[in-house]
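Trainee: The structure that follows is given in the form of structure tokens.
The values are calculated or read from the model by the stated rules, or taken from the named source; none is laboratory data. Quick caveat: nothing in here was measured; it's all calculated off a predicted structure. For neighbour counting, all protein chains shown are included, and Cβ atoms are generated from backbone atoms with ideal geometry for every residue, glycine included.
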Amino acid sequence: MSKTIMVVDDSSAVRTVVGTALKGAGYDVIEACDGKDALSKVNGKKIHLIVSDVNMPNMDGITFVKEIKKLPEHKFVPICMLTTESEQSKMAEGKAAGAKAWIVKPFQPPKLLDAVSKLVMP
Amino acid sequence: MDMDPGLQAFKEESHELLGSVEDILLQLEAEPDNNDLVNELFRAVHTIKGASGLFGFDDVVSFTHQAESVMGRLRDGEIKLNDTLTTLFLDSRDHISLLVDDALNGSPGLNEESKAKGVKLHDDLGQFLNNQEEEESQIDATEMDISNPIVDDSKHIASDNWHISLRFGQDVLRMGMDPQSFLRYLQTIGDIVSLTTLYDDLPDAHDMDPESCYLGFEIDLKSEARKEDIEGVFEFVQEDCVIHILPPNSHIDRYIELIKSLPEEDLRIGDILTMTGVLTKRELEEALAVQNEERQQDDGHIGKEHPLGEVVVEQGVVETKVVQAALDKQQQTTVKKAEEKQSIRVSAEKLSEMINLVGELVIASANTEATARQAEGGDLIETTAALSHLVEEIRDTALNLRMVEIGTTFSRFRRVVREVSRNLGKDIDLIINGGDTELDKIVIDKIADPLMHLVRNSLDHGIEMPEQRREKGKPAKGTLKLNAVHDSGSIVITISDDGNGLSKEKILSKALERGLIKPDHNLSDKEINKLIFEPGFSTADAVTDISGRGVGMDVVRRNIDALRGQVDVDSTPGAGTTFSIRLPLTLAIIDGFLTRVGQNSYVIPLDMVDECIEYQTDSDTYIDSNFINLRGEVLPYVRLGELFNDADIVSHSDNKLNKENIIVTNYAGKKTGLIVNELLGEYQTVIKPLGDVFKGLKGISGATILGNGEVAMIIDVQSLIQVAQTADVAVH
Amino acid sequence: MNITKLKGSNKRSGRCLLKIDGDLTIYNAAESHESLLAFVDDFKGFEVDMTSVNEIDTAGIQLLLQLKRKAAQEEQSIQLSGCNEQVCDLLDLYQLQDWLAPTATSNNTTEGV
């Protein structure tokens, strides 16, 4: 059974690149364009990993993490945040909220796949 | 030959890496404590091994692995580089090079001699891996690498597996970080040889929080990965976890430290380590005994404030900091290196093709400009001038692409000097200057052999044995200097030694014996020295292994001649010899001065043109048919037309209707006048080498096609003067 | 998730036969822990039918480790039967294969019956 990864990012380019890379590696992918969209899509699904941007409209990444941690059926899902150097301060906040894995942008798909497979093998 | 692009890349990469291995080793002799160099050395060999593995070159992998392991110990400060080890590494590098070539040629196998040598090298390297006590007894503890402050002269563990101790933080499960993910990832970079799941921390069933993690793992991993890679596996949990990673063959103190620092009882961890085969029982017992002894001593020591455990932990902390600092530094240098080395690889063929085309472009542009001038179109002249200016820039840039620093070629001689001097029992220092002087890659490739010959000649025949030198009141250590410098469109390379100098008597007697000169010839010192470049001349009393390979100085001269260069020798008896080689920077394009003699056009390299003056037999400057007075200086001259038997000109040469000009050329300080009819000005020109048929032709270095399609000869000033002189001698 | 005690469990001999239905993961760890407590208190050795366990993770393994520890204290054993591939895989990774019933190691044979 392949593992499901949810990709949350407001940039469709990022979603496409990340999504394609993950699918290529053998994961199932659910895409969402922001935290709100993501929360509306998690219901009733088994999700093995969430890869989320920090800075997004509607609901930012940190809030999304806090919300996800409130849902009994998803509160233990590993979360990997995509961040830029300038968002370092967000990292502490995010870690406190429960997102332990961080990838600093810009990254190449191999780097992302590497990080992802440390958390969930395909 | 077509080659798989992967293999082609491997070929180039391994060649480059092996080159740098040699450089690094020789540099390390000068700065043995340079950790960056040691790291680089290790990385280079490691990369070769890794790539060889990709192609299944098992012979390369297994031998390289052995060398890499020893270098790894060097990098970890466990052994120290000495003369023996450097020689062993250099020999191993040569053997790897053989193995790589063999593998690239489809693995026909090495010859017996090389095979035997490989086995011996492998064993010799093994000495540094197994026979560690012996090796380490030679190491002065004070000289140890600072990143290993607590390492003393005791034992290393034989296990070649990594040992990883993990104690996961209680929150990891809640954060979705299941330890199994990391362990599974670990399996992708190595083989888990053994794993022990520790649940000693698991509280009583009633007291446990089922969402907390209480587990620890002791893992033996067989992996070629670097420590950073293994650490990287746990990057997302490192903040919450206790992670210890011990490299293969770690020092036993590291294990003691590990045992002490883990929360479980010492014996428990000790048992796991012996059970999984990391430590032998004896090693563990010895280690713990040493520990106890120290403890007793410490207890006896009045005023000792800290129990040993704390001391060890403190030391451990210090160590982590030191290691971290070292790592940071290493990372910085890696980043910097990467920036510096941003370059792309282009095949020499493509480059030649481009330079050829640029050559044609230069001609076409010159033609356009000439046509524009003829048509007298004002705007057109302006645009073509701008165009040719750009073309000129393109030409310079294109040629620059092929310019390479001569330093790499020079540094190759470090190894030669090291080995030759050792073989001969001489002590010789090599001093390199001007390594950053650039010249055309093609010229560099072609000059390497003649240079090698001259260097070996100096080492072998020039510099004396230490005793002889002492007797003469010279320092026992001889010096060989390689120097490169740009000089008016040429590069001048000098090889000078402070040896015995050339023996005039020996040269003369040999020259007489070989019939090169007659007894009544009265030769100047310079002329005598020059005799050594005559074919079949060798003054060495005994033919040695080093330079007496039947190749004489005449071959050196011929090679240099072929590059439009010139070699000179200057020697002071008892004080040393200096060879200087003057070479053009590039063989492809020259700035020329276009002239016309009768119906024919000639191009004279502009670098060599000093000035142009009008020639009149009836003026004050006229001396005779061979010399004129150039502002008080006697200037010899030749008539190009006569020299090339231009019938047209010969018949008109005395005819004053023909206007004549003298072009004063200067080559290596020697001025010579060339008489031509018309001066057509500066002209950039692409040298088209003459075919084999014209190879023997003296005074001409090539041809070029003019804008109007006419062929112009390019004058080789140096050989032209020689030709003129011989012709002169023959006449008189 | 449901943990039930099967017939054949014997308080006197201390042998407990259990059947676990559903997953044994972090998501239901609290609940599973609650159910297991009574058995850990009352019994010494455990035979667990894992036929209906789909998924297990490290949190689940930790719960089984509580059974293992109790058994070890009482010089008894823990045996798992009917493990699916995913469960076996994790036991393999953690080098806990000796829990699997068919390959019970020699020091467990005394309680084999």
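Trainee: Show me the helices (runs of 4 or more DSSP H) entirely contained within region B:340-449 in which 2 or more residues are in contact with a Gly (Cβ under 8 Å, 6 or more places away or on another chain).
Mentor: Working: elements: B:348-375, B:378-401, B:407-424.
In region B:340-449, B:348-375, B:407-424 are the helices (runs of 4 or more DSSP H) which contain 2 or more residues that are in contact with a Gly (Cβ under 8 Å, 6 or more places away or on another chain).
Trainee: So A:W102 clears everything in (1) buried (at least 22 other Cβ atoms within 10 Å of the Cβ); (2) touching a Gly at 6+ places or on another chain (Cβ under 8 Å); (3) within 14 Å of another protein chain (Cβ to nearest Cβ) except one condition, right? Which one?
Mentor: Exception for A:W102: condition (1).
Trainee: Looking only at region A:34-53, which residues are crowded, with 19+ Cβ neighbours inside 10 Å, farther than 24 Å from B:S181 by Cα and either at pLDDT below 90 or in contact with a His (Cβ under 8 Å, 6 or more places away or on another chain) (or both)?
Mentor: Selection gives A:D34 alone.
Trainee: Continuing with the same structure: Quick one: in region C:74-102, of everything that is within 14 Å of another protein chain (Cβ to nearest Cβ) and part of a loop (DSSP other than H, G, I, E, B), which residue is farthest from C:D23 (Cα to Cα)?
Mentor: The residue in question is C:E74.
Trainee: Right, another one. Would you point out which residue out of B:E614, B:E642 is closer than 29 Å to B:V711 by Cα, assigned to a strand (DSSP E or B), among the acidic types (D, E) and modelled with pLDDT of 75 or more?
Mentor: It is B:E614.
Trainee: Also, quick follow-up: Just wondering, is there one or more residues in region B:474-481 that are under 19 Å from the mean Cα position of the chain (by Cα) and assigned to a strand (DSSP E or B)?
Mentor: To start, the set of residues in region B:474-481 that are under 19 Å from the mean Cα position of the chain (by Cα) comprises B:480-481.
Next, from what is left, pick out any that are assigned to a strand (DSSP E or B): B:480-481.
Yes, region B:474-481 contains a residue that is under 19 Å from the mean Cα position of the chain (by Cα) and assigned to a strand (DSSP E or B).
Trainee: Within region A:70-94, how many residues turn out to be within 14 Å of chain B (Cβ to nearest Cβ) and surrounded by 19 or more Cβ atoms within 10 Å (Cβ to Cβ)?
Mentor: Matching residues across region A:70-94 total 10.
Trainee: Next question, about the same structure. Kindly indicate whether any position in region C:57-72 is in a strand (DSSP E or B), in contact with a helix residue (DSSP H, G or I) (Cβ under 8 Å, 6 or more places away or on another chain) and either among the small types (G, A, S) or within 13 Å of chain B (Cβ to nearest Cβ) (or both).
Mentor: no
Trainee: Is at least one residue of region C:12-33 of a type in the set (G, A, S), in contact (Cβ under 8 Å) with a residue 40 or more places away in the chain and not in a strand (DSSP E or B)?
Mentor: yes
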